[in-house]
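Okay, structure first, notes after.
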Amino acid sequence: MDVLGLTLMIPLLPFYAERMGASPAQVGWLIGVYAACQLISGPILGRLSDRMGRKPLLIVSQMGTCIGFIITAFAPSLSILFLARAIDGATAGNLSLAQAYITDITKPEERTKSFGVIGIAFALGFLIGPAISGFLAQYDYRYPVFGAAFLSFASIMTTWRLLPAVKPGGDGAGPGGRRRSLVDWGSYAVYFRQPTLSTRLWQFFLFSLGFAIFTSGMPLFLERRLMWDGMAFGPKQVGYTWALAGFFGVFWQGPALGKMAKRFGEALLNRAGFLGYVAGYLILAFCQSIAQLGAATAVMSMGSLVRPSLTSLITQATPRDEQGVVLGLTQSLTSIALIIGPLVSGYLIEHELLTTWGITAATISLVGLVLALRPAQTAA
């Protein structure tokens, strides 16, 4: 339900902001401010969850998301829309807390499959959410936002009533590990000095950066590049495109993921995922038709293998009592990517560098693929 609420907003937010007078660059800042607030608050939420447990902090995070959606729905101006995104970002920790929860209760050999459940949630969310958003937006841009707020509230109730509480590790010892504060980046440097782990962390950042450029820019890219029934792409068409991506994502991250991980190994799946991103972004960069868009979406969907396989590889290369720290680090890397990516995307699209936008995302993913092919990737 969290992801479904998120995916209701992804195809809509750039158009929602444009209707308030935002330029593509300002849309980039709007997406980036969410990530900036998340970068500051994420380690704090993680450390609190180590002491208080995952469940209470998940509920706090979900409440902030719900409040952000409500403010968004009634925002009278672009500045209030920025405020709504800041509130949502300041309490955003759903994914990292969920990952820590999974790490707490699963064995290392089962984690790719377990992290894949999050992937399934994203795939199903992208299958259903954008389609609903596109359908509702044709009547009123606020309707998808109301839907997202309702789903966020339902998620709070579900977590409160159904999620079993896991005993926190006191001072943070145990599978969840300790989190560092935002200003304690020096303590993170040690992980970048470990060859195997460092390679995987850089891959995670590059994956996140390329994906951030893609997700933040795709709606405005398609609006400027493709037509539907004589009109530029809008929330409806972009929503249906995301739904198609979700359909393919269900295939890659469904029940077969665990079997593929056991048969081929996480390292090979990770490489295949990066290859899918490189090829998909390149096809999209030169896309001039609906058929090419469908092909790009299909190829790009293979990239959904990266997150679960790479996250598992990262935890396997990390001592058990440090896994929470490293998972917190990956969330911080994601936040940094989500600050940089939308700004780059907004700049390129505002200056009509549409093909360059796609090539940029592909190049970043290509660097990630090169790192994934290094021998250190298979050493653990």
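The values are calculated or read from the model by the stated rules, or taken from the named source; none is laboratory data. In this text, all values refer to a predicted model and were calculated from it rather than measured experimentally. Neighbour counts are summed over all protein chains in view; Cβ atoms, including those assigned to glycine, are modelled from backbone coordinates with ideal geometry.
Taking the conditions exactly as written (under 26 Å from Ala291 (Cα atoms), at pLDDT 85 or above, crowded, with 20+ Cβ neighbours inside 10 Å and under 22 Å from the mean Cα position of the chain (by Cα)), does Gln203 satisfy them or not? Let's see the steps before the verdict.
Numbers: under 26 Å from Ala291 (Cα atoms): no; at pLDDT 85 or above: yes; crowded, with 20+ Cβ neighbours inside 10 Å: yes; under 22 Å from the mean Cα position of the chain (by Cα): yes.
Judged against the criteria, Gln203 is not a match.
Quick grid of which residues meet (1) surrounded by fewer than 19 Cβ atoms within 10 Å (Cβ to Cβ); (2) of a type in the set (D, E, K, R); (3) modelled with pLDDT of 75 or more; (4) within 13 Å of the chain's Cα centre (by Cα):
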residue: Asn94; (1), (2), (3), (4): no, no, no, yes
residue: Glu109; (1), (2), (3), (4): yes, yes, no, no
residue: Ser114; (1), (2), (3), (4): no, no, no, no
residue: Phe126; (1), (2), (3), (4): no, no, yes, yes
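Against the conditions (1) part of a helix (DSSP H, G or I); (2) closer than 26 Å to Ile314 by Cβ; (3) in contact (Cβ under 8 Å) with a residue 12 or more places away in the chain; (4) of a type in the set (A, V, I, L, M), where does Ala17 fall short? Just the number, please.
The single condition Ala17 does not satisfy is (2).
Can you go through Asp88, Asp2 and tell me which one is closer than 24 Å to Ser345 by Cα, charged (D, E, K, R) and surrounded by 19 or more Cβ atoms within 10 Å (Cβ to Cβ)? Don't jump to the end; show me each part of the working.
Values: Asp2 fails: closer than 24 Å to Ser345 by Cα.
Being closer than 24 Å to Ser345 by Cα, charged (D, E, K, R) and surrounded by 19 or more Cβ atoms within 10 Å (Cβ to Cβ) holds for just one of Asp88, Asp2, which is Asp88.
Please give the helices (runs of 4 or more DSSP H) falling wholly within segment 278-380 in which 1 or more residues are over 26 Å from Ala256 (Cβ atoms), under 19 Å from the mean Cα position of the chain (by Cα) and hydroxyl-bearing (Ser, Thr, Tyr). Quick ask: steps written out before the conclusion?
Numbers: elements: 290-300, 306-316, 323-350, 354-372.
By residue number, 323-350, 354-372.
For segment 251-262, check the following and say yes or no: at least one residue is closer than 27 Å to Ile340 by Cβ and in a helix (DSSP H, G or I). Spell out the reasoning first.
Pass one, segment 251-262, residues closer than 27 Å to Ile340 by Cβ: 252-253.
Restricting the remaining residues to those that are in a helix (DSSP H, G or I) gives 252-253.
Checked segment 251-262: at least one residue is closer than 27 Å to Ile340 by Cβ and in a helix (DSSP H, G or I).
Would you check which residues across segment 53-75 are within 25 Å of Met20 (Cβ to Cβ) and in contact with a Leu (Cβ under 7 Å, 6 or more places away or on another chain) and list them? Spell out the reasoning first.
So the first thing to find is which residues in segment 53-75 are within 25 Å of Met20 (Cβ to Cβ), and the list is 64-75.
Hits for segment 53-75 are Ile71, Thr72, Ala75.
If you go through segment 280-317, how many residues are among the small types (Gly, Ala, Ser) and touching a Ser or Thr at 6+ places or on another chain (Cβ under 9 Å)? Steps first, answer last, please.
The initial filter retains those residues of segment 280-317 that are among the small types (Gly, Ala, Ser), namely 280, 285, 289, 291, 294-296, 298, 301, 303-304, 309, 312, 317.
Subsequent filtering for residues that are touching a Ser or Thr at 6+ places or on another chain (Cβ under 9 Å) retains 280, 285, 294, 303, 309, 312, 317.
Qualifying residue count for the region: 7.
If Phe286 satisfies all but one of (1) aromatic (Phe, Trp, Tyr); (2) out of contact with any Asp or Glu (no Cβ under 7 Å at 6 or more places or on another chain); (3) surrounded by 20 or more Cβ atoms within 10 Å (Cβ to Cβ); (4) at pLDDT 90 or above, what's the number of the condition it fails?
(3) is the only condition that Phe286 fails.
Of all residues in segment 22-39, count the ones that are part of a helix (DSSP H, G or I) and under 15 Å from Gly217 (Cβ atoms). Write out each step before concluding.
Start the filter on segment 22-39 by keeping residues that are part of a helix (DSSP H, G or I), which leaves 24-39.
Still in the list and also under 15 Å from Gly217 (Cβ atoms): 24-32, 35.
Residues in segment 22-39 being part of a helix (DSSP H, G or I) and under 15 Å from Gly217 (Cβ atoms): 10 in total.
Tell me whether segment 306-322 contains one or more residues that are closer than 28 Å to Leu226 by Cβ and touching a helix residue (DSSP H, G or I) at 6+ places or on another chain (Cβ under 7 Å). Steps first, answer last, please.
Residues of segment 306-322 closer than 28 Å to Leu226 by Cβ: 306-307.
Those left that are additionally touching a helix residue (DSSP H, G or I) at 6+ places or on another chain (Cβ under 7 Å): 306-307.
Yes, the conditions are met somewhere in segment 306-322.
Consider Pro164 against the criteria (1) at pLDDT 70 or above; (2) crowded, with 22+ Cβ neighbours inside 10 Å; (3) in a loop (DSSP other than H, G, I, E, B): it satisfies all of them except one. Which criterion is unmet?
Of everything listed in (1) at pLDDT 70 or above; (2) crowded, with 22+ Cβ neighbours inside 10 Å; (3) in a loop (DSSP other than H, G, I, E, B), Pro164 misses just condition (2).
Mind listing whichever residues of segment 218-236 are out of contact with any Leu (no Cβ under 7 Å at 6 or more places or on another chain) and assigned to a helix (DSSP H, G or I)?
Here is the first cut: in segment 218-236, the ones out of contact with any Leu (no Cβ under 7 Å at 6 or more places or on another chain) are 218-220, 222-223, 227-232, 234, 236.
Within segment 218-236, Met218, Pro219, Leu220, Leu222, Glu223, Lys236 meet the criteria.
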